[in-house]
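Heads up: the structure comes next, in structure tokens.
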Amino acid sequence: MNNEQVIKLGKLETILPEELGTRSKSSIFVLVDENTQRLCLPKLAGMGIPEDHVICIKAGDDNKSLEALASVWQHLCSHGATRKSLMINLGGGMVTDLGGFAASTFKRGMDYINIPTTLLGTIDAAVGGKTGINFGGLKNEIGVINSSQSVLIDVNFLRTLDKENFLSGYAEMIKHGLISNREVWNHITSYDLDHVDYDTLPALVEESINVKREVVKVDPTEKGIRKALNFGHTVGHAFESYAIQQNDTKLHGYAVAWGMISELYLSYKLVGFPKEEFYQAINLIKENYGSLYITCKEYDLLYELMTHDKKNEGDGRILFTLLGGIGDIRINTSVEKKDIFESLDFYRDTMGM
Ligand code: GLY
């Protein structure tokens, strides 16, 4: 398994040819979805990659499926891919997760490169080697941790993102600020979300990715400190799954942002997260992310959904990553049902429900 990952920022027209070097173009395959085929693939035109080596899957998390994965393996088989071939995943988290898994398993593993095209994919999914598909109604149930050889980031792809998709990725940057240190936190919170400055965005993106890289370097397989990257996700994933059950799909980063409201409350109440930064973070989320409507009738269902969290150890406890302050990470914190319900009360009060 490969866990060294090179991250390069720049114009794709420059950094991709540099990365490919003298590699034979006929050994390269590109995975796209319907959207990135139309909007992003043209940037690879003229690089010599054979047209029939472009593999297109349907867009959307519903298609992060065994069927789509099989279609990628099938294409690789029928077009002569070998374990010396290279896969380029051009897309958001769905493409990089599925493509990374396809590449990691085809002939027991070929190299792959991620070129993320969304902010969420850039900050989170493309970095750190988690790959996989949804299975049996559960998100990311099957997969491996195997990093791409490199991540090539061209922030020009982000210029066409709508505000919601920008904010979805930004939520993971808020999380990276909270789990790292005051300097990163101050940079994140002083960025003007109403007037996105694409000239200063690369430095902010790079700093945020470095937070994740440092954590992954220490604990690539999530035995311990990598659980820090799950801050906001215990409640966030429950919100996300609840919304799906209501046929009301929410963007992942929004669910994480709302989850951080509950988990900041638990951090404040149980492990002493300081009041001033608590309200700063709560207000940042409240002002930008709207809300998912829930009533207290949903608490039992949300709790049940939290019992499926991957951080739990099968003994009935719900284990959270909490914060005693910015950068003060408390993994494996068992939280009682009454406190979880209280944190949902706090979420509803904050959102004016
Ligand atoms: N998305 C969290 C992680 O990669 O560990």
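Under the definition of Cα pairs under 8 Å and six or more residues apart, what whole-number percent is the relative contact order of the range 206-314?
So the answer I get is 26 percent.
I need to check one value: relative contact order of the chain, counting alpha carbon pairs closer than 8 Å and at least 6 residues apart, in percent.
Taking the mean separation of contacting Cα pairs over the length of the chain, I get 14 percent.
Where only protein heavy atoms count, and the probe is 1.4 Å, what is the accessible area per residue for the chain in Å²?
Accessible area per residue, the chain: 43 Å².
What are the ³J(HN,Hα) values, in whole Hz, obtained from phi via the Karplus relation 6.51 cos²θ - 1.76 cosθ + 1.60 with θ = phi - 60°, for each residue of the range 195-212 in sequence order, with x given for Gly and Pro?
Working through the residues one at a time gives 9, 5, 9, 6, 7, 8, 4, x, 5, 5, 4, 4, 4, 5, 4, 5, 4, 5 Hz.
Determine the distance separating the Cα centre of the range 161-224 from the Cα centre of the range 266-290; give it in Å without decimals.
If you average the Cα positions of each part, the centres end up 17 Å apart.
Would you kindly derive the ³J(HN,Hα) couplings of the range 256-268 from the backbone phi angles with the Karplus curve 6.51 cos²θ - 1.76 cosθ + 1.60 (θ = phi - 60°), listing them in order in whole Hz, with x for Gly and Pro?
For the range 256-268, the Karplus curve yields 5, 4, 5, x, 5, 4, 5, 6, 5, 4, 4, 5, 5 Hz.
Counting other Cβ atoms within 10 Å, keep those with at most 13, restrict to DSSP loop, and tell me which chymotrypsin sites (Phe, Trp or Tyr not before Pro) in the range 125-214 are left.
198
How large is ³J(HN,Hα), in whole Hz, for each residue of the range 123-133 in order, when computed from phi with the Karplus curve 6.51 cos²θ - 1.76 cosθ + 1.60 and θ = phi - 60°, using x for Gly and Pro?
6, 10, 4, 6, 10, x, x, 6, 10, x, 9
Roughly how far apart, in whole Å, are the Cα centres of the range 307-340 and the range 1-56?
Measuring centre to centre over Cα atoms gives 39 Å.
At 0.692 mPa s and 37 °C, plugging the Kirkwood radius over alpha-carbon pairs of the range 63-161 into Stokes-Einstein gives what diffusion coefficient in µm²/s?
245
I'd like the FRET efficiency for residue 83 and residue 317, computed as 1/(1 + (r/R0)^6) with the beta carbon distance as r and R0 of 30 Å, rounded to 0.05.
Using R0 = 30 Å, I get an efficiency of 0.10.
Multiply the residue separation of residue 181 and residue 25 by 0.36 nm, subtract the distance between their alpha-carbon atoms, and state the gained length in nm to one decimal.
Difference between extended and current length: 51.9 nm.
Restricting attention to the alpha-carbon atoms of the chain, what are Rg (one decimal) and Dmax (integer), both in Å?
Just the Cα atoms of the chain yield Rg and Dmax of 20.1, 60 Å.
Given points 7 Å out from each Cα along the Cα-Cβ axis, report the residue 219 to residue 164 separation in nanometres with one decimal.
It is 3.4 nm.
Which residues' amide hydrogens lie under 5 Å from the amide hydrogen of residue 31, considering only partners 5 or more residues apart or on another chain, with H built in the peptide plane?
55, 88, 89, 90
Across the Cα atoms of the range 45-101, what radius of gyration and what greatest pairwise Cα-Cα distance (Dmax) are found, in Å?
Looking at the range 45-101, its Cα Rg and Dmax stand at 11.5, 32 Å.
At a threshold of 8 angstrom on Cα-Cα distance, excluding pairs fewer than six apart, so keeping six or more, what relative contact order does the range 11-68 reach in percent?
Result for the range 11-68 is 39 percent.
Enumerate by residue number the trypsin sites (Lys or Arg not before Pro) in the range 23-117 meeting two conditions: DSSP loop (anything except H, G, I, E, B), and at most 16 other Cβ atoms within 10 Å of the site's Cβ.
Values: sites: 23, 25, 38, 43, 58, 64, 83, 84, 107, 108; in loops: 23, 58, 64, 83, 84.
Here the trypsin sites (Lys or Arg not before Pro) that fit, given the DSSP loop and packing criteria, are 23, 58, 83, 84.
For the chain, take the longest principal axis of its alpha carbons; what is the angle in degrees between that and the long axis of helix 233-245, to the nearest 10 within 0 to 90?
Tilt of helix 233-245: around 80 degrees.
Quick one: which residues, 5 or more positions from residue 9 or on another chain, have an amide H under 5 Å from its amide H? H modelled 1.01 Å from N in the peptide plane, none for Pro or chain starts.
So residue 9 has HN proximity to 153.
Mean-square fluctuation check for the chain, GNM, Cα pairs under 10 Å: which of 130, 217, 163 is largest?
So, out of 130, 217, 163, the one fluctuating most is 163.
Averaged across orientations, what area in nm² does the convex hull of the alpha carbons in the range 216-353 project?
8.1
The values are calculated or read from the model by the stated rules, or taken from the named source; none is laboratory data. Treat the numbers as computed from the prediction; the structure is a model and nothing was measured. Neighbour counts are summed over all protein chains in view; Cβ atoms, including those assigned to glycine, are modelled from backbone coordinates with ideal geometry. Just so you know, the surface numbers come from the protein's heavy atoms only, side chains and all, with ligands and any DNA or RNA stripped out. Shrake-Rupley method; radii C 1.70, N 1.55, O 1.52, S 1.80 Å.
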